[in-house]
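Visitor: Provided herewith is a single structure, encoded as structure tokens, for subsequent inquiry.
The values are calculated or read from the model by the stated rules, or taken from the named source; none is laboratory data. From a predicted model like this one, the values you see are computed outputs, not experimental measurements. Glycine gets a Cβ as well: all are built from the backbone with ideal geometry, and neighbour counts include every protein chain shown.
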């Protein structure tokens, strides 16, 4: 800014011929000749901004003003001027400064005017700082010309505009992305600008140091910032903020969106997680228990997930089993589950439920398959029942259930043969049919009937259910009659259930349930159970909820004689009233529940009268703690008391501290868990749990877990309560998918327009391809891999291509993009028969370009005789014409030239259209007879 | 300036205070234990099954720690193993019961939200019989048990 002002001053000084002299010398040597021409002529002849033929320069007059403003400046008339003569004043503007009003004026002698006013317009582009705006020349006979410089101190205007690059930004996770932007200085001063970047977490700038940029007024600076996108970035939009600052001032700010694609989400890194573990624990009697486990969980390949588990070893004692559970090791039969969007296959340890009437809770070892489509599904099980230590027998089981959507109804049918062994064996052969229908008020009505055959009988079962699910509200009414009851794979013989949950206001809700069941089993000849609960709940604040609950439940059982002389009836009736308070603040929580109640117990020994007693039963529980990513720490307490008929109170108190998955400070990566619990019972009976565990990550996917527990529940044969130690060494690794998901190919520049990739046709890095909701970005070689439904075609997002490039439609595999350009077809209508001009409106002419693959493009009539193709890919095109809508048929003169599009430049060719020639006959022939010759005879025709 | 509480909040606070008072008033007062008329003190080995709704095998220890007249109190610790998937859960709770008649043992084990009612016959040092628990909104769970006195 200052440099330019200085240059202007030097230019002015050079033009004045005094550049080499200091101001004082200049003033002394100036010899402005006496005016020989009128002042007005001088004003017109003195070129602005420079020309001056001498004079004495006086101290300047300085004012301040902003660009685009006018300033009225008062210039004093120099005292040195002779008072007895007229004075001519000439105002000479500099640069783009504008003088409003007359540039010359005359001050008559004796008028006594001591100052003049000059109005100067400051140009919009005036630079900030002190600028010479004009000079006032005072010319008087007998005196040297006196020059008063007029300077304007132009105020600073800052106007920095930050413009992001127009191209869409996309990047592959783990690679770099270049973020371009422009900085334009529309102010009036030179600016030194720093660009500050605000990056998503984990991103970094590749350049070591981002220097400041100096931009003169009116200049534009293009910047490119190279950013590193972290490999773990997930697919989606990320935002990069750019803020331009100068010193402490923020001048401009923009946020740019970068579309990040992580092919690992569909690539080799996201295959199943294979975890192999060896666990070892001592049980309560000091025996060594060992367990090897192998699990696989995750995507096997496109849309297919695997969940597999296998375990083997020696498991002798309950304490070791409990220790293994703490370590995450479980001993169960091998199982394998493959899940796809439309099917699931479960092999090994498996089980399912067919329906309320044709079998619930059937488990065994075999295979289960569940296939489903939009309007049907099939569930099939074939297995053997699980053996037990007391009943090694295994029974075959199979079942089949099919559902089909017929109109608005869903029809189902199922057939099953289920059995298992054990102390109370179950058996069922059933066949049933059911339906589900939409009903009024948003409900669904379901019904089923089935013939059930079981050990000792058979019967027709039925069930009906009305279900309503609406947001947070739900209602369920269910009535079931299943002969055979729970010994025939049902919940009970008869069941009546009602559940309602309603949100009354945004703070209040209520839930209620009532039920009644009857059953008969190998243990009980009759077992009746019924009850209800009612729970209103109110949210005092967003995080604090209080609830009241009243509940009552009872049962009456008639047991079969398990031994000679045993059996009889007994029952319970329990009533409770409770209150619950739960709240949380940030990561801290508190929950407390208290119940008051009583229990009425009856028992009728075989052949004796009923004995009844009623005792109170109260308890209070509370837990409070902290929960977050760093783990969970919780304090727990429970106090419970009852009283017998004699008034003796039995009270048990539990206090404990529990920590789970807690990140240990100073031991990075190690998580700890532990529990201390003390239970005080009647008569000084104490029991306790002490447990501690560590999970220690090692290297290369290895980790170790250790666990130590002393629990009063486990004691040795000798009665002592030992410490039970457990250890687990595991290795976890994510393996690649069996088959890489998605479709792969290249996005390439189809330079010759043949839609095949030829040698020398490069890939298009950064091109975005989409299929359905899936998307991917091509790597540096142009290669892409995209997921989604393989039946759909892959399309290129043209917003990711450079200007002028377009995709050649959707396809699979390699995708071509071509440079497109406009092409104009100039239509020239030839004179009729070479002699008569033809005037035809060509607006309804249709020009079609057809490429080698037969694809067509249509042109628009952009002018009276010009048809324009806005965007044609590279290639050779034949032209077709549809001129049928013209007022007079025209015929393109053959051969029609080939339209060749080879680059970015527009193409233009001319096609001649010939009118129909006029044919005339000499009239000698019979009227209406055909001419003897087809040779046309042309004649001159003007006008129509 | 004292901010006036909304009527609704005051009503809720009043309800909570009432509930707290009722709970405190509900704390039980105990009498002195009566001389025992039963001889159940000590540790017993518990084995059993849950036959409905889900099959589980049960094993653990019953500890009778106090007796008063024909009543007794104690604690039951159980390990329940799911027959279908082998998963283990620990159950522990207070026991209170009484001997009724000459050989009938009747006790509740507060292992879950609702107690497991055990009614069995004692023959020598063995008690066996059925048990039932009526949980809320579900059919009763039930099974059988057998308890044997451990050697002192």
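Visitor: Of the residues that make up segment A:664-678, is at least one modelled with pLDDT of 80 or more, crowded, with 19+ Cβ neighbours inside 10 Å and away from chain B (no Cβ under 14 Å)?
Guide: yes
Visitor: Can you go through A:598, A:591, A:580 and tell me which one is more than 9 Å from every other protein chain (Cβ to nearest Cβ), surrounded by fewer than 19 Cβ atoms within 10 Å (Cβ to Cβ), over 51 Å from the mean Cα position of the chain (by Cα) and part of a strand (DSSP E or B)?
Guide: From the options A:598, A:591, A:580, the qualifying one is A:598.
Visitor: Against the condition surrounded by fewer than 17 Cβ atoms within 10 Å (Cβ to Cβ), modelled with pLDDT under 85 and either assigned to a loop (DSSP other than H, G, I, E, B) or touching a helix residue (DSSP H, G or I) at 6+ places or on another chain (Cβ under 6 Å) (or both), how does residue A:927 come out, does it pass?
Guide: For residue A:927, the condition - surrounded by fewer than 17 Cβ atoms within 10 Å (Cβ to Cβ), modelled with pLDDT under 85 and either assigned to a loop (DSSP other than H, G, I, E, B) or touching a helix residue (DSSP H, G or I) at 6+ places or on another chain (Cβ under 6 Å) (or both) - is met.
To keep it simple, each residue is scored yes or no on (1) assigned to a strand (DSSP E or B); (2) at pLDDT 80 or above; (3) touching a strand residue (DSSP E or B) at 6+ places or on another chain (Cβ under 6 Å).
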{"site": "A:880", "(1), (2), (3)": "yes, yes, yes"}
{"site": "A:886", "(1), (2), (3)": "no, yes, no"}
{"site": "A:895", "(1), (2), (3)": "no, yes, no"}
{"site": "A:908", "(1), (2), (3)": "yes, yes, yes"}
{"site": "A:911", "(1), (2), (3)": "yes, yes, yes"}
{"site": "A:921", "(1), (2), (3)": "no, no, no"}
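Visitor: Given the conditions (1) touching a residue at least 24 places away in the same chain (Cβ under 8 Å); (2) under 23 Å from residue A:308 (Cβ atoms); (3) assigned to a helix (DSSP H, G or I), which single one is not true for residue A:322?
Guide: (2)
Visitor: Also, I was wondering about something else. Show me the strands (runs of 3 or more DSSP E) entirely contained within segment A:679-783 in which 2 or more residues are within 14 Å of chain B (Cβ to nearest Cβ) and at pLDDT 85 or above.
Guide: Counting at least 2 such residues, we get A:686-697, A:702-711, A:723-734.
Visitor: Which of the residues spanning segment B:116-152 are buried (at least 24 other Cβ atoms within 10 Å of the Cβ), modelled with pLDDT under 85 and under 17 Å from the mean Cα position of the chain (by Cα)?
Guide: B:134, B:140
Visitor: So, in segment B:80-113, exactly how many residues are at the interface with another protein chain (Cβ under 7 Å from one of its Cβ atoms), within 17 Å of the chain's Cα centre (by Cα), part of a strand (DSSP E or B) and at pLDDT below 85?
Guide: Adding up the residues that qualify gives 4.
Visitor: With A:422, A:407 as the choices, which residue is on the phi > 0 side of the Ramachandran plot and within 39 Å of the chain's Cα centre (by Cα)?
Guide: A:407
Visitor: Right, residue B:53: within 8 Å of another protein chain (Cβ to nearest Cβ), in contact with a helix residue (DSSP H, G or I) (Cβ under 7 Å, 6 or more places away or on another chain) and closer than 19 Å to residue A:553 by Cα or not?
Guide: yes
Visitor: Just one of the numbered conditions (1) in contact (Cβ under 8 Å) with a residue 40 or more places away in the chain; (2) surrounded by fewer than 16 Cβ atoms within 10 Å (Cβ to Cβ); (3) closer than 24 Å to residue B:53 by Cβ is not true of residue A:526; which one?
Guide: Failed condition: (1).
Visitor: Just give me the residues in segment A:402-424 being in a loop (DSSP other than H, G, I, E, B) and out of contact with any helix residue (DSSP H, G or I) (no Cβ under 8 Å at 6 or more places or on another chain), in sequence order. Write out each step before concluding.
Guide: Step one: of segment A:402-424, the residues in a loop (DSSP other than H, G, I, E, B) are A:407-408, A:421-424.
The answer is A:407, A:408, A:421, A:422, A:423.
Visitor: Restricting attention to segment A:393-403, does a residue exist that is at pLDDT below 90 and surrounded by fewer than 16 Cβ atoms within 10 Å (Cβ to Cβ)?
Guide: yes
Residues are listed down the side, and each one gets a yes or a no for (1) part of a strand (DSSP E or B); (2) more than 23 Å from residue A:153 (Cβ to Cβ); (3) in contact (Cβ under 8 Å) with a residue 60 or more places away in the chain:
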| position | (1), (2), (3) |
| --- | --- |
| A:62 | yes, no, yes |
| A:80 | no, yes, yes |
| A:91 | yes, no, no |
| A:95 | no, no, yes |
| A:99 | yes, no, no |
| A:106 | yes, yes, yes |
| A:112 | no, yes, no |
| A:123 | no, no, no |
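Visitor: Residue B:45 versus (1) surrounded by 17 or more Cβ atoms within 10 Å (Cβ to Cβ); (2) modelled with pLDDT of 85 or more; (3) more than 7 Å from every other protein chain (Cβ to nearest Cβ): which is the lone unmet condition?
Guide: Failed condition: (1).
Visitor: Pull out all pairs, ordered by first then second residue, where Cβ-Cβ is under 7 Å, the residues are six or more apart or on different chains, the first lies in segment A:448-460 and is touching a residue at least 12 places away in the same chain (Cβ under 8 Å), and the second is in a strand (DSSP E or B) and exposed (fewer than 14 other Cβ atoms within 10 Å of the Cβ).
Guide: A:449/A:460; A:451/A:460
Visitor: Could you say whether any residue in segment A:509-528 is more than 45 Å from the chain's Cα centre (by Cα), more than 10 Å from chain B (Cβ to nearest Cβ) and outside any strand (DSSP E or B)?
Guide: The answer is yes, given that some residue of segment A:509-528 is more than 45 Å from the chain's Cα centre (by Cα), more than 10 Å from chain B (Cβ to nearest Cβ) and outside any strand (DSSP E or B).
Visitor: Against the condition in a strand (DSSP E or B), more than 9 Å from chain B (Cβ to nearest Cβ) and surrounded by 15 or more Cβ atoms within 10 Å (Cβ to Cβ), how does residue A:642 come out, does it pass?
Guide: no
Visitor: Any idea which residue in segment B:56-79 is surrounded by the fewest Cβ atoms within 10 Å (Cβ to Cβ), counting only those that are more than 22 Å from residue A:718 (Cα to Cα) and more than 7 Å from chain A (Cβ to nearest Cβ)?
Guide: B:70
Visitor: Among the residues of segment B:114-141, how many are at the interface with chain A (Cβ under 9 Å from one of its Cβ atoms) and in a loop (DSSP other than H, G, I, E, B)?
Guide: Looking only at that region, the number is 9.
Visitor: If I ask for residues that are over 26 Å from residue A:719 (Cα atoms) and either modelled with pLDDT under 85 or within 14 Å of chain B (Cβ to nearest Cβ) (or both), which ones from segment A:306-330 would you list? Steps first, please.
Guide: Filtering segment A:306-330 for residues over 26 Å from residue A:719 (Cα atoms) gives A:306-313, A:328-330.
Within segment A:306-330, A:307, A:309, A:310, A:311, A:312, A:313, A:328, A:329, A:330 meet the criteria.
Visitor: Here's something else I'd like to know. In segment A:360-378, how many are at pLDDT 95 or above and buried (at least 21 other Cβ atoms within 10 Å of the Cβ)?
Guide: The qualifying residues number 1.
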